[in-house]
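Report on the structure given below.
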Amino acid sequence: MSELVEVRNLTKVYDKKKTALQNLNLTITRGKIIGLLGPNGSGKTTLIKILNGLLNPTEGEVLINGNKPGPASKAHVSYLPERTYFQNSMKVRELIEYFTDFYEDFRPERAREMLASLNINENDRIKTLSKGTREKVQLILVMSREADLYILDEPIAGVDPAARDYIIRTIITNYNENATVLLSTHLISDIENILDEVIFIKEGHLVLQSTVEDIRMIQGKSVDSYFREVFAC
Amino acid sequence: MLGKLIKHEWKAIWKIPAILIGALLVIAVLAGLTFISPVWRSGMGGLDVLTVLVWILFYLSIIGVSMGNLLYLAIRFYQSMFTDEGYLTHTLPATSHQLLISKIMVMTVWIFLSMVGIFCSILIFGGMAILFLQPEISIWNMWEDICREFEAIGMLGLNLVSFAASIIFMLIASTVNGTMMITGSICMGQMVNKHKILGSIGAYFAINTVVQIVGMVVMLPNMLKTRFEAPIGVFQMLASIYWGMGVLCVLVSVGLYFLSEYFVRRHLNLD
């Protein structure tokens, strides 16, 4: 079975007023790097949160490896949210122990290697690290898992170009090749070269799900150019 | 999984409550030392002011430990479940039951340890007062006096074991209830769209008021019946009140647990 994620008739309405996702249907297969693209407020983060069990859908369902979001799916999904979720008083070493305890697919030696390559001391407390370093530590922990699905919410937003390169390199060199990376971003030109597939979402609706190759062949455009055309204001 | 969750929850929160309890015990010793030279026997100017200040500090420390630890545990629960930290908590491969039980167990232990710490500090303070003010009284003599008192009470028909069991049951039940009041109200507060903290505080007072009213309605007839129809003594009446309060605490705690679990499982909406 190559289907990893199935989203069926997914609707999310906030406070009975604001519809973030409207009857969304899509299937995500294994072994790909997929860009989840859309303008601000299009529903990307809402979809990601539902996939991770952080939000409950109003209607419809999502299945990951055939399971609804829960302990079974969370054991195989590695999630990088758009914010840092550490307890500030913890040391980096304690975070490695934490991930080792809770995730069977976590590879502490890989995390230590990456931390060392960035000269991050394992005995440093999170509160002593800069915002950028915290984000890198979080990315390292997330990418040190051998998960089936990596969900990365805006991993390159708000970082300098050098850090952006490091993040992209970390993603492509560390993800399990049988797994899928679902990556949301606005900065399409920076990641376009690593994407196999894209999903365009607009106002909670699926606009397009296509391979990058098809966009280039059929539309004769880069993903970035096509995105600008589809979402032109 | 539950064991790992408890281990990490313990590691995350043990320092502050332990420091507060440790500080209280030190202050209790300092306050007790003031009895070496009590103010009413001292002619030294300024010593009386210092003594009173240490006693006030001791009093404030007791309040600090009971309220401070409760507040700290509430804040930690809120942060780990419903703020940015919640993004990690709720993506662990654990059920909502496991998450809640681990937090409730660790919180309950710390609330209990706070009570034990306060009790010990009062014991230290009182013990040192007796030691320095009435050195002729030995601890052994005091223990014998207490035993004699209990024997006398026992002869009046009171079952001491049953009475002690009622107190222990009530203490355990009310400690768990204290934890559940915190977790329940914080979980209910998340249903408010904005001002979730205010919602939690409001929920806490609302639950507390309802429990007090229900407690009075349930307990009052029992107390009156005991008092007027079967005058069996104050200890029997107290025992029946303690059992009743304990049962009420258990019922409220169970109700709040399932309510909290329901909110976490079905209405988790992290911003």
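The values are calculated or read from the model by the stated rules, or taken from the named source; none is laboratory data. Worth saying up front: this structure is predicted, and the values here are computed from it rather than measured. Reconstructed Cβ throughout: ideal geometry from the backbone, glycine too, with neighbour counts over all protein chains shown.
Remarks
- Restricting attention to region B:251-267, the residues that are surrounded by 17 or more Cβ atoms within 10 Å (Cβ to Cβ) and over 16 Å from B:Q98 (Cα atoms) total 2.
- Flag if A:R112 is free of Cβ contacts under 8 Å to residues at least 24 places away in the same chain, more than 12 Å from chain B (Cβ to nearest Cβ) and surrounded by 16 or more Cβ atoms within 10 Å (Cβ to Cβ): yes
- For beta carbons closer than 6 Å, sequence separation of 6+ or different chains, a first residue in region B:68-95 that is touching a residue at least 24 places away in the same chain (Cβ under 8 Å) and a second that is in a loop (DSSP other than H, G, I, E, B), the qualifying pairs are B:F82/B:Q190; B:G86/B:L270; B:Y87/A:P81; B:Y87/A:Y85; B:H90/A:L54; B:P93/A:A75; B:A94/B:M1.
- Residue within region B:29-37 that is more than 17 Å from the chain's Cα centre (by Cα), within 18 Å of B:I186 (Cβ to Cβ) and either without any contact (Cβ under 8 Å) to a residue 60 or more places away in the chain or within 14 Å of chain A (Cβ to nearest Cβ) (or both) present: no
- Scanning region B:20-40 for residues that are surrounded by 15 or more Cβ atoms within 10 Å (Cβ to Cβ) and modelled with pLDDT under 85 turns up B:T34, B:F35, B:V39.
- Within region B:77-132, being more than 22 Å from the chain's Cα centre (by Cα) and farther than 30 Å from B:L268 by Cα holds for B:G127, B:M128, B:A129, B:I130, B:L131, B:F132.
- Selection from region A:64-94 of residues that are touching a Leu at 6+ places or on another chain (Cβ under 6 Å) and either more than 8 Å from chain B (Cβ to nearest Cβ) or surrounded by fewer than 16 Cβ atoms within 10 Å (Cβ to Cβ) (or both): A:L80
- Taken together, the residues in region B:168-211 that are of a type in the set (S, T, N, Q), farther than 18 Å from B:V254 by Cβ and in a helix (DSSP H, G or I) amount to 2.
- Applying the condition of being closer than 11 Å to A:L54 by Cβ and touching a helix residue (DSSP H, G or I) at 6+ places or on another chain (Cβ under 7 Å) to region B:87-99 and asking which residue is farthest from the other protein chains (Cβ to nearest Cβ) yields B:T89.
- Selection from region A:69-92 of residues that are out of contact with any Gly (no Cβ under 8 Å at 6 or more places or on another chain) and free of Cβ contacts under 8 Å to residues at least 40 places away in the same chain: A:P71, A:A72, A:A75, A:R83, A:Q87, A:N88, A:S89, A:M90, A:K91
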